[in-house]
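Data block below; observations after.
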Amino acid sequence: MSFMEKVGSLMRRPGEDAVPKDEVPWWMKYLGRGLGTVGGGIAIFLGVWNCLGILTADVSCLVSGMWQMVAGFTAIVIEAPCCCLFIDFVQHLSEWVDKKPYWNRAVFYCGIAIPPFLFCIDLSSFLGSGLIFATGVVYGMMSLGKKASREEMQANMAVQQQQHPQFNQQQQQQQSSQGAKSNLVENAAPMGNSKAVVPPV
């Protein structure tokens, strides 16, 4: 494979998933990739800024900055492998991640975004890790899929009631018991107006 073919295959990948995920809108796919790429770059830059905390002997901010740089680089490697052509295994890693369900990426991004903020609580940690965390949230929303229409939900409910008649009976019993309880409450007299009747001795 020539260099230009490799670049073309890398640039073509965002629109093509190895696993068909047709229920996810195209704009959400590009939002996840764009947010991961831009967020990873910003996280690397702000991670370097946090590493300058070593000048003030703030070791926790140094660790936070190093973690944030690694997390940002990992996000770029997964979301935009065309930015890392100088590393051979990037293409295979990105293809392997693309074959996994979206919730795997959501958990991974949210997991790697939390520790920098725990080590060093400042604005650069919040912004850098926050963008990676937001990427995880986008992938989490993608894993939920598209909401069914009202007609589809009603059709599914009708099928469930036909397959499980005892479920329908339980619903009717619950509705009748709730109706009886509401009648009891409506017919009850107020506590302040009721008088106790004492039977004669």
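The values are calculated or read from the model by the stated rules, or taken from the named source; none is laboratory data. Predicted model, so just to flag it, every value in this text is computed and none were measured. No Cβ is skipped: glycine too gets one built from the backbone with ideal geometry, and neighbour counts run over all protein chains shown. Heavy atoms of the whole protein, side chains included, go into the accessibility calculation; ligands, DNA and RNA do not. Shrake-Rupley method; radii C 1.70, N 1.55, O 1.52, S 1.80 Å.
The table below gives the values:
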| read-out | value |
| --- | --- |
| Listing of helices (runs of 4 or more DSSP H) fully contained in the stretch 100-201 that carry 2 or more residues being closer than 21 Å to TRP67 by Cβ and modelled with pLDDT of 65 or more | 102-119, 123-144 |
| Pairs, first farther than 22 Å from ALA134 by Cβ in the stretch 87-115, second of a type outside the set (Gly, Ala, Ser) and open to solvent by less than 30 Å² (accessible area, probe 1.4 Å), C-beta under 6 Å, six or more apart | VAL90/VAL77; VAL90/PRO81; VAL90/CYS84; GLN91/PRO81 |
| Condition met for GLY47 (farther than 21 Å from PRO115 by Cα and modelled with pLDDT of 85 or more) | no |
| Pair list, Cβ < 8 Å and 6+ apart or interchain, from the stretch 17-28 residues that are under 12 Å from PRO101 (Cβ atoms) to residues that are modelled with pLDDT under 80 and open to solvent by less than 40 Å² (accessible area, probe 1.4 Å) | VAL24/GLY145 |
| Residues (surrounded by 15 or more Cβ atoms within 10 Å (Cβ to Cβ) and within 18 Å of ARG33 (Cα to Cα)) located in the stretch 108-126 | PHE108, TYR109, CYS110, ILE112, ALA113 |
